[in-house]
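To start, the structure itself, in structure tokens.
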Amino acid sequence: MGLPEAWPDLSQLAKLNLPHPGQFLLSPHPGQALYPQSWMDAVKWGGVGEGGYASCLQRLNLLAVPLTFQALTMAESPGCCSVWARCLHCLYSCHWRKCPKERMQTSKCDCIWFGLLFLTFLLSLGWLYIGLILLNDLHNFNEFLFHHWGHWMDWSLAFLLVISLLVTYASLLLMLLLLIMLLVAAGLVGLDVQWQQEWRSLRVSLQATAPFLHIGAVAGITLLAWPVADTFYRIHRRGPKILLLFLFFGVSLAVYLAPLCISSPCIMEPRDLPPKPGLVGHRGAPMLAPENTLMSLRKTAECGAAVFETDVMVSSDGIPFLMHDEHLSRTTDVASVFPARTSSHSSDFSCAELKKLNAGTWFLERQPFWGAKRLSGSDRKEAENQTVPTLEELLKEAAVLNLSIMFDLRRPPRNHSYHDTFVNQTLETVLSARVPQAMVLWLPDEDRANVQQRAPRMRQIYGQQGSNRTERPQFLNLPYQDLPLLDIKALHQDNVSVNLFVVNKPWLFSLLWCAGVDSVTTNDCQLLQQMRYPVWIIPPQTYLMMWIITNCVSTLLLLWTFLLQGRCKKEREKTGFRPEVVGKTVSHGKLLPK
């Protein structure tokens, strides 16, 4: 059995908060209080013959020896504390300024828990990013819950508040680690089951955020280098050290080279910026007025939009009217006027019955977009008096305001009188209104050939359902998630105009602006109308310099971190004491205290 290579300075024992140092004194002469200065002295004093080394260890009182050696090591290496243990201590004790100077040992539990902490933080941060991107489409989520729950609530504030709290908590204490992971996992599963198209929204968002996410990832890799380097120099087996080094620098290299895969239309020369997209009011201006009302039509014109987009249904007596939902409970007071018919289909009401309903008070009470708070007194009074408009009323008012109309046509239920003739009924209304046909953008695919024949000057708008068409379209109306699938320049060369829906956030509008989209459908026309320039544009050469400088600075910091940790290891070795050797020596000797 070999002896440890070095012996600690036991003169420091008296300075430690331990049992009386006399318990650990060794001396070859009775009555003399001396500390052995080396293992050879200790063996000599304990007896040179067989069992002398064992006698020495027994006389050291092994119940206290491990604690003594650990305390000595802490005292002798105050500057080389384990990063993992120190991080956990500071996170869970909140003693950032009073972090202990003594050296703390890192156990496997520390490493595993720190890994879970870091993983949960990344999951929460990713979910926060998803939430911020999906705010553009959150109104659809609010409508979905209303249809199934029957109660209106804007979930954007609650959603952001909860996710922000989770991210903050995960980055600090994370005592509810498993609960947070379950909540995030449940959110991801729900998103995948109910709104798979939102994954495509995230893909689009990367075109706007990838250049900045790359810089953040480089910063994260640089910060992570310190604990990784600390772990690297504390591992004694060669295999794990090589594996750790390979994984870390492999990930670092992938992050450094990520811009090779980044493609964003906003990485362009400012002189090549396309014209600003036109605005299409989604159900009008639903942040400033009740949706699908004449007030919303007028607010759309005030926002500078060129097109009013709406939804049309046919009443039980054959009159086309404006309504989006299959039931009237969300946007009217049908529950108080016709309490027994709240679950009836919107098309089951006659035009006279629809005119009895108020289509504006819900907007002031529920405030679906928080826009009602900014309404003036006169606007509030106007909103309170809104009714359900007919398509003919809308067309005549739009002609006065010089607005085009684009509408989606909803088929009535099977038992409806106009279930099979709703397209002709709507077309008759458009023709009888005697407005210019060119101001009507016809979106429905049903019976399109008949519509083109009877109204040849009406502009035909094609959506996803027009993929089997034989004619060449001039106007496309697609969800913005289809942007990666579109070749905007090629479409423009074929004289095809592209409108994407629904776009509410400046970052998304900026991205589509850079991509050359002709127009966007939006709920927030008053905000997008004020934008004079995209949120960001970076010339390619400038972005290349940003990429190179960021990677070079990070690489230098990585090398400095590993060199500094290597120097720290050498300082630990200068003490000449290795606690693991003592532990192995004691355990292999199978010695017991006397």
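Treat the count of other C-beta atoms within 10 Å as a stand-in for reagent exposure and order Phe321, Phe501 from fewest to most.
Phe501, Phe321
Local charge sum around Arg341 (other residues, Cβ-Cβ under 11 Å, Lys/Arg +1, Asp/Glu -1)?
Working: positive: none; negative: Asp348, Glu353.
Local net charge: -2.
Given a Förster distance of 22 angstrom, what is the FRET efficiency for Leu247 paired with Thr168, based on the Cβ-Cβ distance and rounded to 0.05? Present the calculation step by step, with values, prior to reporting the outcome.
Numbers: r = 29 Å, r/R0 = 1.31.
FRET efficiency, Leu247 to Thr168: 0.15.
How would His419, His327 line up from fewest to most surrounding beta-carbon atoms within 10 angstrom?
Placing the least packed residue first, the sequence is His419, His327.
Tabulate in residue order the Karplus-calculated ³J(HN,Hα) for region 384-392, using 6.51 cos²θ - 1.76 cosθ + 1.60 with θ = phi - 60°, rounded to whole Hz; enter x for Gly and Pro.
5, 9, 6, 10, 7, x, 8, 5, 5
For Thr310, list long-range residues whose amide hydrogen, built 1.01 Å from N in the peptide plane, is under 5 Å from its own amide hydrogen.
Sorted by chain and number, the residues that satisfy this are Arg283, Met406, Phe407, Asp408.
Once fully extended, how much extra length lies between Tyr129 and Met546, figured as 0.36 nm per residue of separation less the alpha-carbon to alpha-carbon distance?
Taking 0.36 nm per residue and subtracting the Cα distance, the gain is 147.8 nm.
Considering amide H positions built from the backbone, and no H for Pro or chain starts, which residues 5 or more places from Leu476, or on another chain, come under 5 Å of its amide H?
So Leu476 has HN proximity to Tyr462, Ser497, Val498, Asn499.
Applying the Karplus parametrisation 6.51 cos²θ - 1.76 cosθ + 1.60 with θ = phi - 60° to the phi angles of region 511-522, what ³J(HN,Hα) value in whole Hz is obtained for each residue in order, glycine and proline being reported as x?
4, 5, 4, 4, 6, x, 5, 6, 7, 9, 8, 9
Sort Val520, Val314 so that the residue with the fewest other Cβ atoms within 10 Å of its own Cβ comes first and the one with the most comes last.
Neighbour counts put them in this order, fewest first: Val520, Val314.
Got a sec to turn the phi values of region 415-431 into Karplus ³J(HN,Hα) couplings, 6.51 cos²θ - 1.76 cosθ + 1.60 with θ = phi - 60°, whole Hz, x for Gly and Pro?
7, 7, 5, 10, 4, 9, 10, 5, 5, 4, 5, 6, 4, 4, 5, 5, 5
List every residue whose amide H lies under 5 Å from the amide H of Arg459, counting only residues 5 or more places away in sequence or on a different chain, with H placed 1.01 Å from N in the peptide plane.
Val440, Trp442
When the chain is fully extended, how far beyond the present Cα-Cα distance does Arg341 get from Trp370, taking 0.36 nm per residue of separation?
Gain on stretching Arg341 to Trp370: 7.5 nm.
Where a number appears in this text, it was derived from the coordinates with a stated rule and is not lab data. Quantities reported herein were computed from a predicted structural model and do not represent experimental measurements. Ideal geometry is used to build each Cβ from the backbone, glycine not excepted, and the neighbour counts take in all protein chains shown.
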